[in-house]
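Taking it in order: structure first as structure tokens, then the write-up.
The values are calculated or read from the model by the stated rules, or taken from the named source; none is laboratory data. Note that the coordinates shown come from a computational prediction; the quantities given were computed from them, not determined experimentally. Using ideal geometry, Cβ is built from the backbone for each residue, glycine included, and neighbour counts are taken over all protein chains shown. Quick note on the areas: whole protein, heavy atoms, side chains included, nothing else; ligands and nucleic acids left out. Shrake-Rupley method; radii C 1.70, N 1.55, O 1.52, S 1.80 Å.
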Amino acid sequence: EFREGILKKVNGAAIRNTKDLAAAFAKEAAEYVIDFEGAGRPLVLLRTDIEAARNRIRQRYNVLEEQFLGDEAVKPVR
């Protein structure tokens with residue numbers, strides 16, 4: 001139901017770009033209430049579940065840097 005949805009808010013804060021989303025998830029909270037455009041109900045994620053998934057993903061895919069939100073252009077791989 002939430003797949004391909006358009007994010008509207010996280011814990012009441014408007015989400016306009018990826019930096020807003022990163023900032024919303026950086027705030028300590030026991031749970032994150034995510035509202036989507038046109039959705040009748042929010043998606044609720046527990047912080048403990050997010051942390052467990054983050055660790056699994058980092059290990060499974062050998063992720064060295066979790067996020068890059070800089071303004072510089074990404075250089076092509078040669």
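The condition (being surrounded by 10 or more Cβ atoms within 10 Å (Cβ to Cβ), basic (Lys, Arg) and either out of contact with any Phe, Trp or Tyr (no Cβ under 9 Å at 6 or more places or on another chain) or on the phi > 0 side of the Ramachandran plot (or both)) is satisfied by just one residue among Arg47, Arg58: Arg58.
The set of residues in region 12-27 that are under 17 Å from Thr48 (Cα atoms) and not small (Gly, Ala, Ser) comprises Phe25, Lys27. Scanning region 18-50 for residues that are under 11 Å from the mean Cα position of the chain (by Cα) and either hydrophobic (A, V, I, L, M, F, W, C) or in a loop (DSSP other than H, G, I, E, B) (or both) turns up Leu21, Ala22, Ala23, Ala24, Phe25, Ala26, Ile34, Leu45, Ile50.
Return the residues of region 1-40 that are acidic (Asp, Glu), out of contact with any Lys or Arg (no Cβ under 9 Å at 6 or more places or on another chain) and open to solvent by 80 Å² or more (accessible area, probe 1.4 Å); say none if nothing qualifies. Of everything in region 1-40, just one residue is acidic (Asp, Glu), out of contact with any Lys or Arg (no Cβ under 9 Å at 6 or more places or on another chain) and open to solvent by 80 Å² or more (accessible area, probe 1.4 Å), namely Glu4.
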